[in-house]
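Written out below as structure tokens is the structure these notes cover.
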Amino acid sequence: MSHRVLVTGGVRSGKSAYAESLFGDGQGVTYIAPGPLPDGSDPEWRARILAHQQHRPATWTTVETTDVASALRGTESPAIVDCIGTWVTAMLDELDAWDAPDAQWRPEIGKRIESLAEAWCARDRMSVAVTNEVGFGVVPEHRSGRIFRDVLGITNQRLAEASEEVALVVAGRVLHL
């Protein structure tokens, strides 16, 4: 079995359920949630997070952090990262990159993507990363959407390159790429 798996697909495609199914029920898993908890201003988003938390087995440990590379390096257990899209959003927020000129944030983004990829490559335990596939649609109208799509696409390529397996989930069906 592969020990680094990237699971990609659209929203509500079944990515997380598939990713979680790759781990046995009894084993301890570190669940890395790349983003801070919501501040309470979005009750629907908070409800989604709570549903994800309640669904996880009791043997799993949750780490909520935007420093995914350090979290991957810091655990010896099998790990799941859900979701890389949330990590990209948090990174773009931290760098205030949504409206800044490209030259101000591109080098730092490259460093962070490479740090994540290096931590991913160093994993010698079963590890699964969940990400969103955002490249199938039209070019976003707003600059922030284009930035997100481009950075996530680059991140997905780098993680796919560093994975033994990539799975695309569409309508609950898994296609191994």
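To check my understanding: the extent here is largest minus smallest coordinate of the Cα atoms along each principal axis. What are those three numbers for region 67-117, in Å, largest first?
Result, largest extent first: 40, 17, 12 Å.
Pick out which of LEU92, LEU116, LEU50 has the largest mean-square fluctuation in a Gaussian network model of the chain, springs linking Cα atoms closer than 10 Å.
LEU50
What percent does the relative contact order of the chain come to when contacts are Cα pairs within less than 8 Å and at least six residues apart? Display every interim value, and only then the final one.
Details: 272 pairs, mean separation 69.3, N = 177.
Over the chain, the number comes to 39 percent.
If I fit a long axis through the Cα atoms of helix 84-94 and take the longest principal axis of the Cα atoms of the chain, what angle between them do I get, 0 to 90°, rounded to 10?
40 degrees
Between GLU114, GLU94, GLU141, where does the largest GNM mean-square fluctuation fall for the chain, given springs only between Cα atoms within less than 10 Å?
Highest fluctuation of the listed residues: GLU141.
Output the 0 to 90 degree angle, nearest 10, between the alpha-carbon long axis of helix 102-121 and the longest principal axis computed from the alpha carbons of the chain.
So the inclination is approximately 10 degrees.
If contacts are Cα pairs under 8 angstrom and at least 6 residues apart, what is the relative contact order of region 90-175 in percent?
29 percent
Could you tell me what percent of the DSSP beta bridges with both partners in region 4-176 are antiparallel, to the nearest 5?
Numbers: 4 of 26 bridges.
In region 4-176, approximately 15 percent of DSSP beta bridges are antiparallel ones.
Per residue of the chain, what 222 nm ellipticity follows from adding -39500 (n - 2.57) for every DSSP H run with n ≥ 4, rounded to the nearest 500?
Values: 6 runs with 76 residues, N = 177.
Helix contribution divided over all residues of the chain: -13500 deg cm²/dmol.
Could you pull the Cα extents of region 1-138 along its three principal axes, largest to smallest, in whole Å?
48, 37, 29
First obtain the Kirkwood hydrodynamic radius of region 118-166 from its Cα pairs, then insert it into the Stokes-Einstein equation at 20 °C and 1.002 mPa s, and state the resulting D in µm² per second as a whole number.
On the way: Rh = 12.2 Å.
Answer from the Stokes-Einstein relation: 175 µm²/s.
Between helix 143-161 and the chain, what is the angle of the helix's C-alpha long axis to the longest principal axis, kept within 0 to 90° and rounded to the nearest 10?
Rounded to the nearest ten degrees, it is 40.
Values in this text are rule-based calculations from the coordinates and carry no lab data. The shown structure was predicted, so the numbers you read here are calculated from the model rather than taken from an experiment.
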